[in-house]
1. If each of Trp160 and Glu67 carries a label point 7 Å out from its Cα toward its Cβ, how far apart are those two points in nm?
2. How far, in nm, would the chain grow between Lys37 and Thr116 when pulled straight, counting 0.36 nm per residue and subtracting the alpha carbon separation?
3. Once you keep just the Cα pairs under 8 angstrom separated by 6 or more residues, what percentage relative contact order results for the range 53-122?
4. What distance in nm lies between label points placed 7 Å from Cα along the C-beta direction at Tyr22 and Ala83?
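Values in this text are rule-based calculations from the coordinates and carry no lab data. Just so it is clear, the model here is predicted, and its values are computed rather than measured. Glycine gets a Cβ as well: all are built from the backbone with ideal geometry, and neighbour counts include every protein chain shown.
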Amino acid sequence: VLALPYTYVMNADAPTLQLTNYNAKDLEAYMVFWMIKASQGYIVVIPDYPGFGDSHGQCFIPYIESEPMVRTTYDFLQASQVALNQNYFSRKNSLIVTGYSLGGYVAASFARELETNPDYTYPVDLLFVGGTPFRVKQISELVHASDVLGTPCLLPYAIWGCKKNGYPGLKREDILNEPYA
């Protein structure tokens, strides 16, 4: 099971850091759920987002950009396979991909890439996602059509992520009209 987490912005919320100095009452619900599934025999892989956990401060999360998120998720999946093999575990020839919020967006993008790119060798047996965020273009279209911005935290973060990860010339004014710009 590849379980991609919800949208988090605090480094302490990264899955690996939730398991460091483990305290059950501080775990997020999805971590508890997947720990239960792991205890039932599933191999559960929960990656940190780029820029969180061990990579904190080394990069910035490519928020809502599917290509770098798919690439890093695939790299993570391959690394987890090596770790499993070194510990004498093996996976079935199928994969369940799941995620919520940003994790849902990445899970859907990742599953599509696995199914359409012949270079990837993991068949997706089941995909389930929820609460996926929009792309910046879709968000900006909603903003242009509305008098109020329904997601005040998501849009600035998405714009910042796009500027950091490949669109340094992007200007807020290109996306937002006053008074939002």
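1. Label-label distance for Trp160 and Glu67, simple model: 2.4 nm.
2. In short, 25.6 nm is gained.
3. Computed over the range 53-122, the figure is 34 percent.
4. Spacing of the two 7 Å Cα→Cβ label points: 1.4 nm.
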